[in-house]
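Q: The structure is given below, and queries will be raised subsequently.
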Amino acid sequence: MSEMWVNMGPQHPMTHGLWNLRVRIEGEVIKDVEPEMGYLHRGIEKISEDRHYNEIITLMDRTCYVAGLAWEQLFIVAAEQALHITPPERAEYIRVLSAEFQRIASHIMWYAAFVQDIGLMTPFLYGMRDRDLILDLFQSYTGGRLTYEYMRVGGVRNDLPLGLTDRCRKVCDWLMDRFVEYDRLCLSSTPFHERCDGLGVLEAPEAIAYGVTGPMLRSAGSRRDLRKDRPYSVYDKLQFDVATATTADVTGRYLVRMEEMRQAVRIIRQCLDWLDDHPGPVMAAQLPRWLGAPYAPVGNEAYLLKRNYPTGVGFSMVEEPHGEAGAYIVNDGGEHPYRVKFRSPVLINIWASKRYLPGYRVADIPPIMGSVDVCVGECDR
Amino acid sequence: MKTNELAARLTSKFGEGILGVDEFPGLLGRVRFDAAIASKLFHTFRDDLGFAHLTMVGAIDWIDHREVFYTLWSDADRVYVMLSANLPSDAPTIASAVPVWPSANAHEREAWDLVGIRFEGHPDLRRIFMPEGYAYHPLLRSFKIHEPEDLEVKVRSE
């Protein structure tokens, strides 16, 4: 049978964003794939070269629009290293709390979209309902529901409002019950297993060679998790387990993400207890004036103080909901970073589809690519 | 492994190919190397030193030269290390890391697209974000984002 190339995208329900998967097929069987990116490239690295550090935080929310706080944390860790600033411990706990809630929100978003892809409608509605509770929490202490601009170099913008920790606990309890429901909806469904089991297999050695990280790597039995392997922020003081699966297929990735949400609730509860017992400042005391919270410096002030800027480099790797995100900041003493380089886990996970898609059938593409958890915003940057 | 230990091992193997091993906050170190030994150095890091993960490849335009950097992770030592090489601005060429780490493919395409680094031996060195035939490498310092008249997209018509 003759072979042909088929474009899936840039407008296709499978893509969950703007990108194009070119597939070479022979009959129903995939022979080769060629992912094409760039439809959502906004030049965030270039714009960052022209902005103050606190202004880049705004861009970080737009980098990944379902995990804004995780990307804010990524940038902040690197920027504080480059600028030689240490945040107070309470701010670190609030950041971890935010990042873990963001992980749950991102995973629920993934769950809702992915399960709808394979034909189950109800989980989409349930997922969106429960994600809204987390967005409500974010709204009450950051002011935003999707783009937060909450973290700052040196701390966070404001402390948690009164009573928020109790509201968070209620949401955690609610979510833990819902996770049982999610599993019941999917794992007891025969069509779910028929469409997911044994698809998109990528074993750990190949996944490492192809740079795949995050839940996709852990579903192959690897225990790689930056929160354990190279703890940043206060993760070394918190107890949690690394979620893994052994099947390395779509179902395995589902199981890993479900377990990660439960572990995230565990982390959040520890953070809430700590935050209740340890009131204190959420912004470093001796900040240079040009970094003063809550707003970035304006006008001439930054230029007047230009000569006092420190130089340095910042390198951070963060376990973001989609995988390992990285930032490398070169600070040459100017008011803007000289160069900011971000590593997007999604770009590499999508690119590795050259390895895990061939051999399967065309109808398997939506569940397999759905299980990657594509966010084109951070992929194209 | 310590930074000076790494420096001693690399220098005994590569001699003058290693230009220096610097301290780097949060990393095992930054290895500055001569682009001529790139391929051998990559093999050494993967096979002898156990750095199986390539996490990042990027490039910086320092105006008088360009810098390519690679960050690697070792599962055994639980550390990152950064490799960095300076390339001349008029001929920024270095051996591709794809034969050693397949994951370098997308990273190197990005470095070519945005900073204009040529990776010799890359199987498919095309632009990844900007359209094919685009006239600029946007992350070069000479590309200004506040001069809209220069920003007219120039795409070659096929």
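Just so it is clear, none of the values below were taken in a lab; they were calculated from the coordinates. What you see is a predicted model, and the numbers here were worked out from it, not measured in a lab. Here the Cβ is made from the backbone with ideal geometry for all residues, glycine too, and neighbour counts use every protein chain on show.
Q: Taking Cα pairs under 8 Å and at least six residues apart, what relative contact order does chain A come out at, in percent?
A: Reported as a whole number, the value is 28 percent.
Q: Return the sequence-ordered ³J(HN,Hα) values of the range A:45-52 in whole Hz as given by the Karplus equation 6.51 cos²θ - 1.76 cosθ + 1.60 applied to θ = phi - 60°, using x for Gly and Pro.
A: 5, 6, 4, 4, 5, 10, 9, 5
Q: If you don't mind, another one. If R₀ is 45 angstrom, what is the calculated FRET efficiency for the pair B:Ile145 and A:Lys170, using the beta carbon separation as r and rounding to 0.05?
A: 0.45
Q: Hey, what angle do you get for helix B:3-14 against the long axis of chain B, alpha-carbon based, 0 to 90 degrees rounded to 10?
A: 80
Q: Could I have the simple spin-label model distance between B:Asp64 and A:Glu203, label points 7 Å from Cα toward Cβ, reported in nm to one decimal?
A: My value for the distance between the label points is 5.2 nm.
Q: Measuring from a point 7 Å past the Cα of A:Lys354 along Cα-to-C-beta, which residues in the range B:79-109 have an amide N at less than 13 Å?
A: Within reach of a label on A:Lys354: B:97-109.
Q: If each residue of separation counts as 0.36 nm, what is the full-extension length gain between A:Asp277 and A:Asp177 once their alpha-carbon separation is subtracted?
A: Stretched out fully, the A:Asp277 to A:Asp177 stretch lengthens by 33.3 nm.
Q: Between A:Glu335 and B:Ala135, how high is the FRET efficiency from 1/(1 + (r/R0)^6) when r is the Cβ-Cβ distance and R₀ = 25 Å? Nearest 0.05.
A: Once the sixth-power term is evaluated, E becomes 0.25.
Q: Then there is this: Against the longest principal axis of chain B, how steep is helix B:104-115, in degrees 0 to 90 to the nearest 10, with axes from Cα atoms?
A: Once rounded, the angle reads 50 degrees.
Q: Further, regarding this structure: Mind checking the mean number of beta-carbon atoms from other chains within 10 Å of the Cβ atoms in B:51-62? Mind dumping the intermediate values first?
A: On the way: counts 0, 3, 7, 5, 9, 11, 2, 8, 2, 5, 2, 4.
The mean count of partner-chain Cβ atoms within 10 Å per residue comes to 5.
Q: Straight-line reach only, C-alpha to C-alpha below 25 angstrom: list the lysines that A:Lys228 could link to, leaving out same-chain residues fewer than 8 apart.
A: A:Lys237, A:Lys341, B:Lys2
Q: With the dipole of the protein assembly as shown worked out from charges on the C-beta (+1 for Lys and Arg, -1 for Asp and Glu) around the Cα centre, which of B:Leu28, A:Leu162, A:Ala325 lies farthest toward the positive end?
A: Among B:Leu28, A:Leu162, A:Ala325, the one farthest towards the positive end of the dipole of the protein assembly as shown is A:Leu162.
Q: If neighbour count is taken as other Cβ atoms inside 10 Å, put A:Val242, A:Val212, A:Val180, A:Val256 in order from fewest to most.
A: Listing A:Val242, A:Val212, A:Val180, A:Val256 from fewest to most nearby Cβ atoms yields A:Val180, A:Val242, A:Val256, A:Val212.
Q: Cα-based Rg (one decimal) and Dmax (whole number) for chain B, in Å?
A: Over chain B's Cα set, Rg and Dmax evaluate to 16.9, 54 Å.
Q: Give me B:Val21, A:Val250 sorted ascending by neighbouring Cβ count inside 10 Å, so fewest comes first.
A: So the residues, fewest neighbours to most, are B:Val21, A:Val250.
Q: Given a cut-off of under 8 Å on Cα pairs at least six residues apart, what relative contact order in percent is computed for the range B:3-151?
A: It rounds to 18 percent for the range B:3-151.
Q: A follow-up question, please. Taking the dipole about the Cα centre of chain A, with the C-beta of Lys and Arg at +1 and of Asp and Glu at -1, give me whichever of A:Cys375, A:Leu185, A:Ile25 is farthest to the positive side.
A: A:Cys375
Q: Let me ask something else. Would you please state which residues of the range A:348-372 a label at A:Val6 would reach in this model, taking the label point 7 Å out along Cα→Cβ and a backbone N cut-off of under 17 Å?
A: Backbone N within reach: A:354, A:357-370.
Q: Where Lys and Arg each count +1 and Asp and Glu each count -1, what net charge lies around A:Met60 among other residues with Cβ under 10 Å from its Cβ?
A: Net charge around A:Met60: -3.
Q: Determine the relative contact order of the range A:12-145: mean sequence separation of Cα pairs under 8 Å and six or more apart, normalised by residue count, in whole percent.
A: Relative contact order of the range A:12-145: 14 percent.
Q: So how tilted is helix A:53-63 from the main axis of chain A? Cα-based, degrees 0 to 90, rounded to 10.
A: That works out to roughly 20 degrees.
Q: Taking the Cα centre of the range A:41-380 as origin, sum charge times position over the Cβ atoms of Lys and Arg (+1) and Asp and Glu (-1), and report the length of that vector in debye to the nearest 20.
A: With Lys and Arg at +1 and Asp and Glu at -1, about 320 debye.
Q: Just tell me how shielded A:339-348 is by partners: mean number of partner chain Cβ atoms within 10 Å of each residue's Cβ, no decimals.
A: For peptide A:339-348, the averaged partner shielding equals 5.
Q: Taking θ as phi - 60°, what are the ³J(HN,Hα) couplings along the range B:89-99 by the Karplus curve (6.51, -1.76, 1.60), each to the nearest whole Hz, with x for Gly and Pro?
A: Once rounded to whole Hz, the list reads 5, 7, 9, x, 10, 8, 5, 6, 8, 4, x.
Q: At 7 Å along the Cα-to-beta-carbon direction for both B:Asp90 and A:Arg262, put a label point, then send me their distance in nm to one decimal.
A: Once both label points are built, they end up 6.4 nm from each other.
Q: Follow-up. Let me check the size of the range B:19-87 from its C-alpha atoms; what are the radius of gyration and Dmax in Å?
A: Calculated on Cα positions, Rg and Dmax stand at 11.8, 38 Å.
Q: Averaged across the residues of B:98-110, what count of C-beta atoms belonging to other chains lies within 10 Å of each residue's C-beta?
A: 5
Q: Using alpha carbon centroids, what distance separates the range A:350-364 and the range A:163-225, in Å?
A: 20
Q: Neighbour counts of other C-beta atoms within 10 Å: give me A:Val265, A:Val362, A:Val318 arranged from fewest to most.
A: With the sparsest Cβ surroundings first, the list reads A:Val362, A:Val265, A:Val318.
Q: Here is a follow-up. Which whole-Hz ³J(HN,Hα) couplings does the range A:12-27 yield from phi under the Karplus relation 6.51 cos²θ - 1.76 cosθ + 1.60, θ = phi - 60°, glycine and proline marked x?
A: 8, x, 5, 6, 6, x, 9, 7, 10, 10, 8, 10, 9, 10, 10, x
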